[in-house]
Amino acid sequence: MDCHQTKPLGNRPEGIKRILLMGNPNVGKSVIFNRLTGLDVVTANYTGTTVTYHEGLVRFQGNQALLIDVPGIYGLNAQSKAEEVAVEMLNSGADLIVCVLDATHLERNLHLAFDLQTYDIPTLYVLNLSDVAKRKGITIDVHLLSKYLNAPVFETVAVKNIGIDILKESLFKPHPVKPALKILDRHEKSQEITENVTQEHDVEIGFLERLSEWCIKPRTGIPILIIVLLAALGIIVGGGKGLRALILLPLVNNYYIPFMTNLIEGIIPESVFRNVLVGEFGVLIKVIEWPFALILPYVFLFYVVFSFLEDSGYLPRLGVLMDGIFRKIGLPGNNIIPFILGYGCAVPAILGTRASGSRRERIIVVSLISIAVPCTAQTGAFITLLGDRSIFALAFVYFISFLTILLAGLLLNRLLKGKSRPLILELPNLLMPDFKTLSKKIWIKMKHFIYEAQVPMFLGILLAAFLVETGMMNTIGTFLEPLVVGWLDLPKEASLSLILGVVRRELAVMPLLEMNLTTVQLITGSVVALFYLPCISVFVILVKEFKVKIALLIALSTFVLAFAMGGIVQILLNLVM
Amino acid sequence: MHLYAGKKHQKYILNDCPNDSLLNAIGVRNGLEVSVVTKQPIGGPIIIRVKKREIAIDKSLACLITAKAVN
Ligand SMILES: Nc1nc2c(ncn2[C@@H]2O[C@H](COP(=O)(O)OP(=O)(O)O)[C@@H](O)[C@H]2O)c(=O)[nH]1
């Protein structure tokens with residue numbers, strides 16, 4: 001999920017207890033992890049893979065233990081990269097396993113519990129989501145379950161911090177290794193245990209359960225989808241504009257720019273060097289103005305909306321609803337999740353496809369995302385560029401993006417051999433996300449964006465300032481004139497976009513802000529920037545995940561598409577306008 | 001009849017499930033009592049409820065599962 005990688009906690013004290021936190025996906029592991037550990041959490045990449053996990057210290061009465069949040073898995077059969085990683089973590093030794101069980105899906109969860117029993121590691125069980133179980137009319141006899149599993153079981157409501165303290169305390173108590181249960185047929189055993197420990201009563205169906213059903217029935221699900229989409233757009237576009245206009249632009253324009261300009265003009269005499277610092281493309285100006293005042297608000301709000309939807313359990317329902325349509329482009333509906341993620345950043349979206357999907361599906365999703373899905377930074381740039389001029393222009397660029405996704409998808413589905421797999425999906429509970437976990441998640445994503453974006457952005461702007469102030473841009477402009485002026489009908493200076501776009505995708509849009517362009521020119525420039533090239537980090541991931549050949553093929557197609565579409569759009573719009 | 005032909009809100013007992021690893025892992029097997037929640041248009045999945053869980057099953061797979069209506 002993360003663009004950014006850090007090393008595991010290096011300063012780990014010797015001899016400290018190692019605890020593995022394990023469980024199926026969506027059982028509330030991250031919330032439990034966050035409640036048990038403090039702020040000193042690191043995101044790490046498992047050696048040699050792109051599966052990420054978190055590590056943090058648990059402190060209790062002067063004792064410390066290292067808690068490792070193992071990726072969510074259904075079993076230990078090494079069926080996916082995440083499962084392979086989990087097995088390796090188990091093999092590399094642990095003093096204790098905390099296995100989190102979802103009280104509402106006990107039967108399925110027990111399979112992993114059985115798998116874990118084959119390791120000689122003491123194990124505690126956590127029965128989480130017990131509030132949701134109660135709401136659904138499920139009661140579980142914790143005592144009996146503990147007898148069956150031959151180990152302690154703690155009932156928790158992680159989001160309300162219920163049961164967490166007792167769990168924490170017991171992490172530091174000694175736990176013996178118990179002999180594994182003798183199991184002949186795990187399906188029968190898990191069924192038997194579940195039936196004996198669970199009681200179900202009829203309860204009045206709550207609002208969230210009803211909402212859950214409405215989300216997946218087409219007649220109500222599609223209106224709900226439209227509402228969600230409009231709300232998301234409202235929050236991101238409207239909220240972003242508000243944040244910019246009210247807070248960020250005044251800060252930058254009224255305080256930062258005058259301060260910096262005065263400061264530099266006071267120390268450095270009029271020269272090319274001074275212009276590079278605070279001139280038209282002044283590095284010290286743009287490096288703050290572009291990322292912080294123009295892009296950051298949109299990136300932030302995108303992750304607010306996305307993380308909320310992700311944690312609420314709505315996205316798999318959307319996948320079910322869209323399955324029919326997605327099949328037309330050769331994809332099972334649950335691929336909508338990497339797609340939406342791609343509107344944030346293509347890197348985590350591409351990595352996210354590892355967990356699911358055949359190679360054929362992966363190639364389709366990844367190509368479509370790399371070619372035609374704008375990332376948030378680009379979206380922010382488009383909104384800044386077009387939103388102030390004409391909302392239709394903005395809508396038009398997104399229409400072009402959708403059309404390309406659809407056509408390219410149909411084409412790829414035809415070209416690539418094979419069939420997509422059938423969809424089988426257990427819908428997670430629909431929930432109100434936990435505020436604390438959500439904020440931490442958004443904070444981590446923002447930190448990554450700033451780390452990831454700042455250096456290339458700075459270098460790009462430095463390059464721009466250098467090219468413009470030394471007059472070299474003129475030479476390049478003349479060289480690219482037939483393409484930029486002749487075919488795209490943009491001014492000569494716009495070739496700067498093409499140069500900067502190699503560094504980062506949104507940088508292909510930003511220079512256009514500074515030019516006085518007509519609406520048609522703005523649209524043309526945006527369409528070219530929409531496709532242009534995958535940014536460097538995306539290209540690197542493509543090479544790593546697939547082959548150089550596929551990465552080059554994707555880059556080439558988006559490059560050609562950029563100029564073809566740009567030219568065609570320009571000609572057509574100039575005819576009608 | 002096969003499961004995909006099932007009617008909304010009707011209960012069924014599954015009596016012949018194909019031996020599919022995904023179906024097994026998610027606990028869809030012979031003898032299970034399920035009810036149909038909804039079906040998605042244009043070839044989308046059928047959604048069944050098993051106890052308090054909701055499971056989406058692809059049309060192609062649901063067509064291979066034999067089921068019998070119960071009251
Ligand atoms: N109501 C309720 N929600 C929970 C509980 N534990 C976790 N959640 C929510 O369940 C969702 C999935 O939790 P998360 O920790 O992301 O699951 P993970 O995939 O196991 O890490 C989030 O929206 C959490 O806020 C709980 O005990 N009760």
Rounded FRET efficiency, nearest 0.05, which uses the C-beta distance separating A:E280 from B:M1 and R0 of 60 Å: 0.25
Under 5 Å, built H, 5+ apart or other chain: amide partners of B:L32: B:L14
Hz values of 3J(HN,Hα) by residue in region A:535-551 - Karplus curve (6.51, -1.76, 1.60), Gly and Pro given as x: 6, 4, 5, 5, 4, 4, 4, 4, 5, 5, 7, 10, 10, 3, 4, 5, 4
Nearest-0.05 FRET efficiency for A:I183 and A:S537, computed from C-beta distance (R0 45 Å): 0.45
Relative contact order for chain A, counting Cα pairs under 8 Å that sit 6 or more residues apart, in percent: 11 percent
Qualifying lysines (Cα of each under 18 Å from Cα of A:K549; at least 8 residues distant if same chain): A:K417
Cut-off under 5 Å, modelled amide H: who pairs with B:T38 long-range: B:I47
Acute angle (nearest 10 degrees) that the helix A:186-197 long axis makes with the longest principal axis of chain A, alpha-carbon atoms: 70 degrees
A:Q61 paired with A:E195, simple spin-label distance in nm, labels 7 Å along Cα-to-beta-carbon: 4.3 nm
HN-Hα J in Hz across region A:298-306 - Karplus 6.51, -1.76, 1.60, θ = phi - 60°, x for Gly and Pro: 6, 4, 4, 5, 4, 6, 4, 5, 5
A:L127 long-range amide H proximity, modeled H, under 5 Å: A:L101, A:F154, A:E155, A:T156
Mean ellipticity per residue at 222 nm, deg cm²/dmol - from DSSP H runs of n ≥ 4 across chain A, formula -39500 (n - 2.57): -17000 deg cm²/dmol
Per residue Cα convex hull volume in Å³ - calculated over the protein assembly as shown: 174 Å³
Under 22 Å from the Cα of A:K182 - lysines, other chains or at least 8 residues apart: A:K147
Cross-link pairs A:K440/A:K547; A:K136/A:K436; A:K17/A:K441; A:K241/A:K286; A:K189/B:K68 - those with Cα-Cα distance over 28 Å: A:K440/A:K547
Residues of region A:409-444 with amide N under 19 Å of a point placed 7 Å along Cα→Cβ from A:S557: A:409-421
Acute angle (nearest 10 degrees) that the helix A:472-481 long axis makes with the longest principal axis of chain A, alpha-carbon atoms: 90 degrees
Order of A:S92, A:S312 - criterion: other Cβ atoms within 10 Å of each residue's Cβ, fewest first: A:S92, A:S312
Relative contact order for region A:2-203, counting Cα pairs under 8 Å that sit 6 or more residues apart, in percent: 21 percent
Crossing angle, helix A:519-531 versus chain A [Cα axis fit, 0-90 degrees, rounded to tens]: 50 degrees
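Each reported figure results from applying straightforward, stated rules to the coordinates on display, with no laboratory input. Owing to the predicted nature of the structure, the values given are computational and were not obtained by experimental measurement. Cβ coordinates were reconstructed from backbone atoms using ideal geometry, including for glycine residues, and neighbour counts include every protein chain displayed.
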